[in-house]
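See structure below.
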Amino acid sequence: MTTTAKPIRNPCNLCQSARAILKRPKTGQQLCKDCFYHVFETEIHNTIVDNKLFRRGDRVAIGASGGKDSTVLAYVLKLLNDRYSYGLDLVLLSIDEGITGYRDDSLETVKRNRDQYQIPLLIVSYKDLYGWSMDDIVKEIGRKNNCTFCGVFRRQALDRGAIMLNVDHIVTGHNADDIAETVLMNILRGDLPRLQRCTSIITNDTSEDASGIETSKILRSKPFKYTYEKEIVMYAYFKKLDYFSTECIYSPNAYRGYARVFLKDLEALYTMRLYFV
Amino acid sequence: MTMSESLAIELQFSGGMELLFDNKKTIHTKVPAHFRQGADSHAVTIRDLIGWMASHLLKERPELFIGPDGSVRSGILVLVNGADWELEGELEYELQDGDEIVFISTLHGG
Ligand SMILES: [Zn+2]
Ligand SMILES: [Zn+2]
């Protein structure tokens, strides 16, 4: 008589030999921890390869805020660069907007990530670039609209930092949910040119920044374009990655906050697939 | 099982969720083993737990935790003993003594 193993509760759809811990958003597939890691990392690798995001020898800056998306991005890019020998020279690039009690704390997280993942870090501050910090601005103009304002300067500061680092490429942690949300916001605002730009995986703007520096040589891309927030958060949770999770103290949580909740509710109601946006 | 029994539950908070719960990462608590609904009573489910947490543990802004439907607000992930609650029956899951329930916010920061 053969001994039968105790049946596994909710067996993994891939290996059948371990308990599933995640139900995937796209497919409903249920995966065990190891299969989830494998599938998550491989899908990002496929996005990178299929879209030809990098060339061997590229110097790539990871826009790092200390938050979940960019922390997972830094971890996974480092891992894939080693696993598949992309030959990338990775650096972390952080922007210090000068927000006491928020950015100073999140930058501590980025510094730990620098040590944990052994990736060099450059911090560029608004104070150095523009001569003022967000704390100064808020004192002057109050709290209204300063997140939109801050966002415009952050994008430009990233470009300037990329020039200082002499990188070919900036990658950011925008995920499928963020992109769907930005699309919705641009539709609400009627901003069509931006709609096109925010949905493309790789952009190369031929624009100059405010000080006339050509930034057109630097590519920007979003390796998480097809990755869901739920999986990014679950990956960070199971891998015990060190990330910062406090809302910016100046964020009124207005437009983007409502767009996000609206979108999550829509998704819940109609099980809309963010993937196809 | 008598009506007065309670279950020992370990609650964990992560991804910014702890900010709503006194900045605690872990809370060991006891919840009633049965909840009353009209004349009947039933074994405690996650739905009951969420409502119970909102009225017993939540220090501020309950609307950031519980939605109008009595579930957690969209954007909050729930794990039951280390697994996605979507694999465990979500709101209808019946709590067992010693269960570990994790709440993770996905909404904070990028
Ligand atoms: Zn498996
Ligand atoms: Zn995000």
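Table for the structure above
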{"item": "Total formal charge among the other residues, if their Cβ is under 11 angstrom from that of A:His174, Lys/Arg +1 and Asp/Glu -1", "result": "-2"}
{"item": "Neighbour net charge for A:Tyr126 - beta-carbon separation under 9 angstrom, K R +1, D E -1", "result": "-2"}
{"item": "Nearest-0.05 FRET efficiency for A:Asn10 and B:Glu5, computed from C-beta distance (R0 25 Å)", "result": "0.35"}
{"item": "Spacing of the two label points (7 Å from each Cα toward its C-beta) at B:Ala54 and A:Arg55, in nm", "result": "5.6"}
{"item": "Cut-off 13 Å between beta-carbons: net charge of the residues surrounding B:Ala8, Lys and Arg +1, Asp and Glu -1", "result": "-4"}
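No lab work stands behind these numbers, since they all come straight from the coordinates. As the structure is a prediction and not an experimental result, all values here were calculated from the model. With ideal geometry, Cβ positions are generated from the backbone for all residues, glycine too; neighbour counts draw on all protein chains shown.
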